[in-house]
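Input: a single structure, listed below in structure tokens.
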Amino acid sequence: MSRALKTFSSALWAFVATSTTAVLCVAAALWGHWPGVVPLVLAGAVAAGGALMVAIGIWRAGRAVQQTAAALTRSAQRIGQGDYARPVEMHEHDGMGELEQAMERMRARLRQSTINKDYLRSVLNSMADAVFLTSPDGVIKTANTAACKMLGFGEEELLGRGIASLLEERARAGFDLLQAAQDTRETVVRTRDGQTIPVSLAGSRIESDDPQFQGNIFVVRNITDRKRAERRIRYLARYDTLTKVANRMQFQHMLQQTLARGLRSGQAVALLYLDMDRFKEVNDTFGHDTGDRVLEVLAERLTRALPPNASLGRLAGDEFALCLHGLPADTDQRVPIGQLARAVLNEVARAFQLNQQEVFLTASMGIAFCPRDAENVIDLIRNADAAMYHAKQNGGNTFTFYSPEMNAAAVERLILKSKLRRALERDELVIRYQPKVDLTSGRVVGAEALLRWRLPGHGDIPPARFIPLAEETNLILDIGEWVLNRVCMDYRQLKGAGGEPGRISLNLSLRQLRQASFILRCRSVFRRHGVSPTALELEITETTLMADSKNTLRLLDELYAMGLHLSIDDFGTGYSSLSALQQFPIDTLKIDQSFIRDVTENTGNATLVRTIIEMGRNLGMVVVAEGVEAQDQLDFLSRNGCAQAQGRLFGEPCAVEELLVLLQRQGSSGCAFGHLLRAAQAAGRTA
Ligand code: C2E
Ligand code: MG
Ligand code: MG
């Protein structure tokens, strides 16, 4: 029973009880005076009471229904406003109760679907990628927070726009909605403030039976970082990071296109191949960082020197190439290209500032033309390289045009390399000895062992040609050990035959010195031949000394402790100062022959040689002059207090048997070259 009905019946019963009591009292009172009126009063009272009771009941029941309806209205309004959290008020009024329950069920269902919708929204908004939900024709219906953030628009501004309208103009032109809705592509979007962002756009279709849910979902990811990384990788693959010029791959690619264009249009292309002279020494002396800095500066200078129709590439370490296109093919271009080559070499020859020192470097250049010398990239580069090699052979700091014979020289170099491998097995190496003469007594006080390669059919190959090949192939280690063995055997032979060879010096290459077992190997060779290390001297160039000077110092200390003498070879050709060399346990300083060659004509060299002799003497070193060819050179050296000399003036490097004869003759006559010195002393007296 409903509450309204209960209220109504209890009121009715209360009213009936009180009014019956009142009527009975009135009736009892009247019964004594007017007994005939009593029944009438009773009947009237009963009728009036009944009517009153009905009226009150109706009023009260109406009021309860009204209250329930008002509560239902309030609930309906709340639900209409999206407030599904509070349950519908229940009054359990007859008839209304079912309505209330129905409304409560509806509220619960609405609440559940709202929770789902909010959840979906918060999922979308918490995604880092921009997400757009569109209608099947691409009209945006939802855009998440990341989408708004990426594009700089509010969500309301995005809703209703076509997805294609977000793309940058060019990307929009080729945009196909149907296709985009089922694949992933890279494209570019434009933000509200006009910026463009590279993005990946992944589309997929939303399948649903209900047309209102059909459409597309697009996930848009900002790929700026990836694009940047890709650009960097592409850059690194094509450009040299140090010098910022095209690397070998890119240069060859570009050259290929240039050649194809040139051949099509009947124009010539020139390739200038540049290689720094003795660049290794810069690295060895100043370290690789400084070497790198030189290459950077060099690339800047080359770039500045380029004419507009030229491009530059770094092909390897210190090798650069310049390509000039659009040249007339019917006229000889050697004069203008030669002028350009000279201008480039002059740029290279400007002073480099290295560790607060001015250093002057040079380069060699080879030049080849397409189509005259080659019609494809590989041949053109190879020919320009061969010409460059010739420029180097001619002393460097020069350029050479390619000619077909040059390639033969490059091929020969390769052949030589392979033949050198067999030189040791075939016993093709020999040692020649060049005597070292004391400039006060004229006596032979030692000799330098110089290596020769007697290649059948080629005659004697000088070490300058094959030692670099041996170093490239590491064969120098085997060759070096062979030399040490040979010299020890020859020394025993000389001693055994009564000769007094003095100290025999041999040349050491950097690779030998770097060999981990070098000292052990030396010891075992000396032991095997029974030769004291004090009988020998190792010649090390100053560039070798300065390369990894810390390690070298340790090694040299050990060699010195064994009793070996050490000398600096080719002094003056490197970049080291005497004070830097002082740290090494060096006894002898050999002035490079290039200074001796014109010491009597070139006052600059004369001053330099005098200074070296004086400084060497002050440091307690024996100073030896190399390459003495003429009497006036000897006069100069002996006048300036040089201790020893070697060179053609005293004879060409000779076989051990000839050295023995010289030593034996000296044994009987006292000194082998006294006559030359007497002439020198006489010249000194008259000077
Ligand atoms: P180096 O040690 O400076 O040797 C002196 C070079 O000057 C030798 O050339 C010698 O023949 C040459 N020479 C001697 N007197 C005169 C002269 O009066 N005028 C001229 N113009 N040259 C003269 P070579 O024998 O061709 O050796 C060249 C270089 O090869 C040597 O220079 C040395 O650095 C290297 N070398 C020679 N033998 C060996 C070796 O067994 N091992 C290593 N690692 N290097 C060697
Ligand atoms: Mg030497
Ligand atoms: Mg030398």
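The values are calculated or read from the model by the stated rules, or taken from the named source; none is laboratory data. Nothing here was measured: the structure is a model prediction, and the numbers come from that model. As a convention, Cβ positions derive from the backbone with ideal geometry for all residues, glycine included, and neighbour counts pool all protein chains shown. We work out accessible area using only protein heavy atoms, side chains counted, and drop any ligands, DNA or RNA first. Shrake-Rupley method; radii C 1.70, N 1.55, O 1.52, S 1.80 Å.
Return the only residue of L634, L677 being out of contact with any strand residue (DSSP E or B) (no Cβ under 6 Å at 6 or more places or on another chain), outside any loop (DSSP other than H, G, I, E, B), within 21 Å of F595 (Cα to Cα) and modelled with pLDDT of 95 or more.
Result: L634 is the single residue among L634, L677 that is out of contact with any strand residue (DSSP E or B) (no Cβ under 6 Å at 6 or more places or on another chain), outside any loop (DSSP other than H, G, I, E, B), within 21 Å of F595 (Cα to Cα) and modelled with pLDDT of 95 or more.
Give me the residue from the stretch 492-505 that is closer than 24 Å to D570 by Cβ and open to solvent by 10 Å² or more (accessible area, probe 1.4 Å) and, out of that set, nearest to ligand 1 (Cβ to nearest atom).
Checked the stretch 492-505; the qualifying residue nearest to ligand 1 (Cβ to nearest atom) is R503.
Can you pull out the residues in the stretch 472-491 that are free of Cβ contacts under 8 Å to residues at least 40 places away in the same chain, of a type outside the set (A, V, I, L, M, F, W, C) and open to solvent by 30 Å² or more (accessible area, probe 1.4 Å)?
N474
Of everything in the stretch 306-359 that's touching a Ser or Thr at 6+ places or on another chain (Cβ under 7 Å) and open to solvent by 60 Å² or more (accessible area, probe 1.4 Å), which residue is modelled with the highest pLDDT?
H325
Could you tell me whether the stretch 619-629 includes any residue that is at pLDDT 95 or above, in the same structural domain as M489 (by TED's automatic domain parsing), open to solvent by 30 Å² or more (accessible area, probe 1.4 Å) and within 18 Å of A672 (Cα to Cα)?
Narrowing the stretch 619-629 to residues at pLDDT 95 or above: 622-629.
Narrowing further to those that are in the same structural domain as M489 (by TED's automatic domain parsing): 622-629.
If we keep only those that are open to solvent by 30 Å² or more (accessible area, probe 1.4 Å) as well, we get 622, 629.
Right, trim to within 18 Å of A672 (Cα to Cα) and you get 629.
Among the residues of the stretch 619-629, at least one is at pLDDT 95 or above, in the same structural domain as M489 (by TED's automatic domain parsing), open to solvent by 30 Å² or more (accessible area, probe 1.4 Å) and within 18 Å of A672 (Cα to Cα), which makes the answer yes.
Evaluate the following for F518: is it in contact with a Cys (Cβ under 8 Å, 6 or more places away or on another chain), more than 9 Å from ligand 1 (Cβ to nearest atom) and free of Cβ contacts under 8 Å to residues at least 40 places away in the same chain?
no
Name the residues in the stretch 639-665 that are surrounded by fewer than 16 Cβ atoms within 10 Å (Cβ to Cβ) and not in a helix (DSSP H, G or I), would you?
Residues satisfying the conditions are G641, E652, A655.
Given (1) within 16 Å of ligand 3 (Cβ to nearest atom); (2) open to solvent by less than 10 Å² (accessible area, probe 1.4 Å); (3) touching a Lys or Arg at 6+ places or on another chain (Cβ under 8 Å); (4) of a type outside the set (D, E, K, R), where does L469 come up short, assuming only one miss?
Status for L469: all satisfied but (1).
Do you know which residues across the stretch 197-210 are open to solvent by 70 Å² or more (accessible area, probe 1.4 Å) and in a strand (DSSP E or B)?
R205, the sole residue that qualifies.
Here are the criteria: (1) touching a Pro at 6+ places or on another chain (Cβ under 6 Å); (2) open to solvent by less than 30 Å² (accessible area, probe 1.4 Å). Tell me which single one L634 does not satisfy.
Here L634 meets the rest and fails (1).
May I ask you to verify whether L608 is more than 16 Å from ligand 2 (Cβ to nearest atom), open to solvent by 60 Å² or more (accessible area, probe 1.4 Å) and aliphatic (A, V, I, L, M)?
yes
Regarding the stretch 85-92, can at least one residue be identified that is assigned to a helix (DSSP H, G or I), modelled with pLDDT of 75 or more and of a type in the set (V, I, T)?
Checked the stretch 85-92: no residue is assigned to a helix (DSSP H, G or I), modelled with pLDDT of 75 or more and of a type in the set (V, I, T).
From T134, T114, which residue is out of contact with any Gly (no Cβ under 6 Å at 6 or more places or on another chain) and among the hydroxyl-bearing types (S, T, Y)? So that I can check it myself, show each step before the final result.
Numbers: T134 fails: out of contact with any Gly (no Cβ under 6 Å at 6 or more places or on another chain).
The conditions single out T114.
Considering only the stretch 453-472, state which residues are outside any helix (DSSP H, G or I) and either within 8 Å of ligand 1 (Cβ to nearest atom) or out of contact with any Leu (no Cβ under 7 Å at 6 or more places or on another chain) (or both).
R454, L455, P456, G457, H458, G459, D460, P462 - these are the residues of the stretch 453-472 that are outside any helix (DSSP H, G or I) and either within 8 Å of ligand 1 (Cβ to nearest atom) or out of contact with any Leu (no Cβ under 7 Å at 6 or more places or on another chain) (or both).
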